[in-house]
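The values are calculated or read from the model by the stated rules, or taken from the named source; none is laboratory data. Since we're looking at a predicted model, the values are computed, not measured. As a convention, Cβ positions derive from the backbone with ideal geometry for all residues, glycine included, and neighbour counts pool all protein chains shown.
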Amino acid sequence: MTSKREEERNEKVIRGLMKLPPNRRCINCNSMGPQYVCTNFWTFVCMTCSGIHREFTHRVKSVSMAKFTFQEVESLQKGGNQRARETFLKDWDPQRQRLPDSSNADKVREFIKNVYVDRKYAGGKTSDKPPRDMQAIYS
């Protein structure tokens, strides 16, 4: 069980990570100020995208409401939106393709399915794609 001091330290570290430029916006829809973490991929996501990730049984935690373990904080430090972009959006061309608007849940759902479930933009052959749980990468 984590102590109150550890919980406060963990939250402080996460809030610091949220201030890094790649993490200031939701990785899926580019909304400002994401307040959730998808722990399957160690990414920062907005409220809309957090709900859609849950539809795919991805684990999501609220930064302000949930408690994070030291291991989760460590994984998030190694992960984050930039690392996830490098892993899951290798073949994504931001010049030709746009992120979905958070107001269009169907487009966001399709995007999340393409990126994280189908690994459509991860590059390489199917066998080269990252494991479902990115925690294995960061261990």
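Residues of the range 39-71 being hydroxyl-bearing (Ser, Thr, Tyr) and either touching a strand residue (DSSP E or B) at 6+ places or on another chain (Cβ under 8 Å) or touching a residue at least 12 places away in the same chain (Cβ under 8 Å) (or both), which ones?
Thr39, Thr43, Thr48, Ser50, Ser62, Ser64, Thr69
Just name the residue that is nearest to Phe56 (Cα to Cα) out of those in the range 98-123 that are assigned to a helix (DSSP H, G or I), of a type in the set (A, V, I, L, M) and in contact with an Asp or Glu (Cβ under 9 Å, 6 or more places away or on another chain).
Ile112
For Gln95, only one of the following conditions fails: (1) polar (S, T, N, Q); (2) closer than 30 Å to Ser3 by Cα; (3) in a loop (DSSP other than H, G, I, E, B). What is its number?
Result: Gln95 fails condition (2) only.
State yes or no: is Val115 at negative phi, in contact (Cβ under 8 Å) with a residue 60 or more places away in the chain, out of contact with any Leu (no Cβ under 6 Å at 6 or more places or on another chain) and among the β-branched types (Val, Ile, Thr)?
Yes: the conditions hold for Val115.
Just a yes or no: is a residue in the range 91-99 among the basic types (Lys, Arg) and either touching a residue at least 40 places away in the same chain (Cβ under 8 Å) or surrounded by 17 or more Cβ atoms within 10 Å (Cβ to Cβ) (or both)?
no
Just wondering, is there one or more residues in the range 6-27 that are surrounded by 14 or more Cβ atoms within 10 Å (Cβ to Cβ) and closer than 21 Å to Val117 by Cβ?
Among the residues of the range 6-27, at least one is surrounded by 14 or more Cβ atoms within 10 Å (Cβ to Cβ) and closer than 21 Å to Val117 by Cβ, which makes the answer yes.
Only residues that are touching a helix residue (DSSP H, G or I) at 6+ places or on another chain (Cβ under 8 Å), hydrophobic (A, V, I, L, M, F, W, C), surrounded by fewer than 21 Cβ atoms within 10 Å (Cβ to Cβ) and in a helix (DSSP H, G or I): list them for the range 39-89, please.
If the condition is that a residue be touching a helix residue (DSSP H, G or I) at 6+ places or on another chain (Cβ under 8 Å), hydrophobic (A, V, I, L, M, F, W, C), surrounded by fewer than 21 Cβ atoms within 10 Å (Cβ to Cβ) and in a helix (DSSP H, G or I), then Phe70, Val73 are the ones that fit.
Which residues, taken from the range 1-32, are assigned to a loop (DSSP other than H, G, I, E, B), in contact with a helix residue (DSSP H, G or I) (Cβ under 8 Å, 6 or more places away or on another chain) and within 20 Å of Asn104 (Cβ to Cβ)?
Within the range 1-32, Cys26, Ile27, Asn28, Cys29, Ser31 meet the criteria.
For the range 75-86, enumerate the residues that are out of contact with any Lys or Arg (no Cβ under 9 Å at 6 or more places or on another chain) and in contact (Cβ under 8 Å) with a residue 40 or more places away in the chain.
Ser75, Leu76, Gln77, Lys78, Gly79, Gly80, Gln82, Arg83, Ala84, Arg85
Checking Ser102 against (1) in contact with a Lys or Arg (Cβ under 8 Å, 6 or more places away or on another chain); (2) modelled with pLDDT under 95; (3) buried (at least 17 other Cβ atoms within 10 Å of the Cβ), which test does it fail?
For Ser102, the exception is condition (1).
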